[in-house]
1. Out of the residues in segment 12-27 that are modelled with pLDDT under 90 and loosely packed, with under 15 Cβ neighbours inside 10 Å, which is farthest from the chain's Cα centre (by Cα)?
2. Answer yes if at least one residue in segment 166-185 is aliphatic (A, V, I, L, M), in contact with a Leu (Cβ under 9 Å, 6 or more places away or on another chain) and farther than 22 Å from Gly215 by Cα, and no otherwise.
3. Here are the criteria: (1) touching a residue at least 60 places away in the same chain (Cβ under 8 Å); (2) on the phi > 0 side of the Ramachandran plot. Tell me which single one Asp33 does not satisfy.
4. In this structure, does Ser108 turn out to be more than 22 Å from Ile207 (Cβ to Cβ) and among the hydroxyl-bearing types (Ser, Thr, Tyr)?
Amino acid sequence: MDAHVWAMCFSATGSFGVAAALAGIGAYSVAQDKLPSHKMLAVVPLLFAGQQVAEGVVWMTLDRASPGWVKTVAVAVFLGFALIIWPTWVPLSLLRAETNPRRRQMLSFLACVGIGVAICASVILIRGQPTAHVEGHRMAYSYTDLGSRTVQALYLPTYIVPALIPFFVSTLSWAKIMGGVLAVTLVATFIIERTTLTSVWCFSAAILSGVIVMGIAAERRLTVALTTPEDARAMGDRA
């Protein structure tokens, strides 16, 4: 069975350009004053940047004399970010930032689901032996084997559970904005062209990264405002 997904960046230059912008946002996100529990969230823009660098390398190794293993590794890294890292990083990072006990229990469950999805995706990537090629002006990824139709039918909704729902479970107000962005782009992509679903996260990367930076700063200001000066100074030292 053969299946395709494509990314929203259309060239090596585009991918590296997006990666550079995200790296800048990520550097600021990591360096800004924040709560210790937000450190995993602060790294997200840098992870998006790494994903885009991987796809830039994929573009560069198409129809070139470069070693085949370079392209193979780049494809694996790009899809690894999309299918393995995101469904685990999202619930775990929001779990770490959560303070509500009941919401923490829900996020813990979603994190377990994400780990299961990541394991399943790892098997798919190993068995499917994904390759990349240009389809029109877009990058397409093909798999030799995606498993049974039942597995394919269940994978997407199962993937959405840990990759999207945690944003709406979290009590962080800006998390729901991120979830809304992802939900809108997911629905729009599903309606327009379903084969782009895996790469929809690339399209939303810049928006999500900006929301993360602003959200972390807002949470920091709110926490400081609700604490005594002594508590605020102690919190700043820990961050």
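The values are calculated or read from the model by the stated rules, or taken from the named source; none is laboratory data. Every value quoted in this text rests on a predicted model; they were computed, and no experiment measured them. So basically every Cβ, Gly included, is an ideal-geometry build from the backbone, and we count neighbours across all protein chains shown.
1. Among them, the one singled out is Thr13.
2. Among the residues of segment 166-185, not one is aliphatic (A, V, I, L, M), in contact with a Leu (Cβ under 9 Å, 6 or more places away or on another chain) and farther than 22 Å from Gly215 by Cα, which makes the answer no.
3. Unmet condition: (2).
4. Numbers: more than 22 Å from Ile207 (Cβ to Cβ): yes; among the hydroxyl-bearing types (Ser, Thr, Tyr): yes.
Against the criterion (more than 22 Å from Ile207 (Cβ to Cβ) and among the hydroxyl-bearing types (Ser, Thr, Tyr)), Ser108 qualifies.
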